[in-house]
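The values are calculated or read from the model by the stated rules, or taken from the named source; none is laboratory data. Predicted, not measured: the structure shown is a model, and the values here were computed from it. With ideal geometry, Cβ positions are generated from the backbone for all residues, glycine too; neighbour counts draw on all protein chains shown.
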Amino acid sequence: MPTIIDGKEVAAQVLAECAQEIAELKSQGITPGLAVVLVGEDPASKVYVSSKVKKCAELGLHSEKIVLSKEATQEEVFAVVERLNRDPTIHGILVQSPPPPQIDEAAIVRAINPAKDVDGFHPENVAKLALEDSSGFVPCTPAGCMRLLAAAGVETSGKEAVVVGRSMIVGKPMALLLVAKGSDATVTIAHSRTKNLAEVCRRADIVVAAVGIPDFIKAEHIKDGAVVIDVGINRVEDASRKSGYRLCGDVDFEAVADKTHAITPVPGGVGPMTIAMLIKNTIKAAR
Ligand code: GUN
């Protein structure tokens, strides 16, 4: 039987550490503050943004939610970011991805003060991650995946890891974390154009799936005894649910789980870790 890696439990541990650090900072008169910017009406983004703000409130952090319409201009988003850059009560700024198509996301990310870039998307923080300079911010989802691997006691040193997906948010930073000193995995980044993907994945002791396609990773992709981290949070229609949809990962859990040594479920795997690591980064920014 595989180990089902419980992201809710590990996230609760991270948040318990955070609560202590927050109390310490508050005793020094500092309340960490996070601003979350939502542009447009993407339904998943709306849910994520609300849960980030809710978690801040639960932990006694200051937070601000800024919602701009789906017709917002680049200048309007810039103006919000510049105001937040100057606001001394705000230590972390996050612009939820993806924004509507008229917004140049890369330009917005570059406009965020790198010292407040709790997403770790600014080029300065990307460079620090590549340079293994720990003064930067590490993107929350891959940082959460690393923490899950550690919590499950997974040895990464010398192991073959395959990251499926090359996004700025997950795939590329995940690969950098796995290959970094101390983690020491041998890393392949695969993506939609990779030839013989199943064969490439079957080499892996650790598979990280971050492609955004429901049930994409099947039994043929997984070596017996591998560890599988499923980053996908996909909405698939389900008329039997009140909401009309259910959440499903990038990994076909039913087909894959029994082959694995350990696997993360969806929901309840990587998802809760992303918010926990965001809170951790916000505390770091406040420090
Ligand atoms: N969209 C999906 N994941 C993330 C994330 O970690 N940060 C931001 N800003 N947008 C996202």
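Listed here are the residues, each with its yes/no results for (1) more than 24 Å from Val53 (Cβ to Cβ); (2) buried (at least 18 other Cβ atoms within 10 Å of the Cβ); (3) under 17 Å from the mean Cα position of the chain (by Cα).
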{"site": "Gly171", "(1), (2), (3)": "yes, yes, yes"}
{"site": "Leu178", "(1), (2), (3)": "yes, yes, yes"}
{"site": "Gly182", "(1), (2), (3)": "yes, no, no"}
{"site": "His191", "(1), (2), (3)": "yes, no, no"}
{"site": "Glu199", "(1), (2), (3)": "yes, no, no"}
{"site": "Arg203", "(1), (2), (3)": "yes, no, no"}
{"site": "Gly249", "(1), (2), (3)": "yes, yes, yes"}
{"site": "Leu278", "(1), (2), (3)": "no, yes, yes"}
{"site": "Arg287", "(1), (2), (3)": "no, no, no"}
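The residues of the stretch 105-153 that are over 14 Å from the mean Cα position of the chain (by Cα), assigned to a loop (DSSP other than H, G, I, E, B), of a type in the set (A, V, I, L, M) and crowded, with 20+ Cβ neighbours inside 10 Å amount to a single one, Ile112.
For residues in the stretch 129-141 being within 15 Å of the ligand (Cβ to nearest atom) and either in contact (Cβ under 8 Å) with a residue 60 or more places away in the chain or of a type in the set (S, T, N, Q) (or both), which is nearest to Gly271 (Cα to Cα)?
Narrowing the stretch 129-141 to residues within 15 Å of the ligand (Cβ to nearest atom): 129, 137-141.
Retained after the next criterion (residues that are either in contact (Cβ under 8 Å) with a residue 60 or more places away in the chain or of a type in the set (S, T, N, Q) (or both)): 137-138, 140-141.
On the way: Phe137: 19, Val138: 16, Cys140: 10, Thr141: 8 Å.
Of everything passing the filter in the stretch 129-141, Thr141 is nearest to Gly271 (Cα to Cα).
Screening the candidates Val154, Val162 for the property of being more than 15 Å from the ligand (Cβ to nearest atom) and either closer than 20 Å to Ile213 by Cα or touching a His at 6+ places or on another chain (Cβ under 7 Å) (or both) yields one hit, Val162. Where strands (runs of 3 or more DSSP E) fall wholly inside the stretch 175-287, the ranges with 2 or more residues that are in contact (Cβ under 8 Å) with a residue 60 or more places away in the chain are 227-230. Look at the stretch 93-114: where a residue is closer than 15 Å to Val36 by Cβ and a partner is of a type in the set (Asp, Glu) and part of a helix (DSSP H, G or I), sitting 6+ places away or on another chain with Cβ atoms under 6 Å, you get Pro99/Glu105.
For beta carbons closer than 9 Å, sequence separation of 6+ or different chains, a first residue in the stretch 154-168 that is closer than 13 Å to Ile222 by Cα and modelled with pLDDT of 95 or more and a second that is of a type outside the set (Val, Ile, Thr) and assigned to a strand (DSSP E or B), the qualifying pairs are Val162/Ala190; Val163/Ala190; Val163/Ala209; Val164/Ala190; Val164/Ala209.
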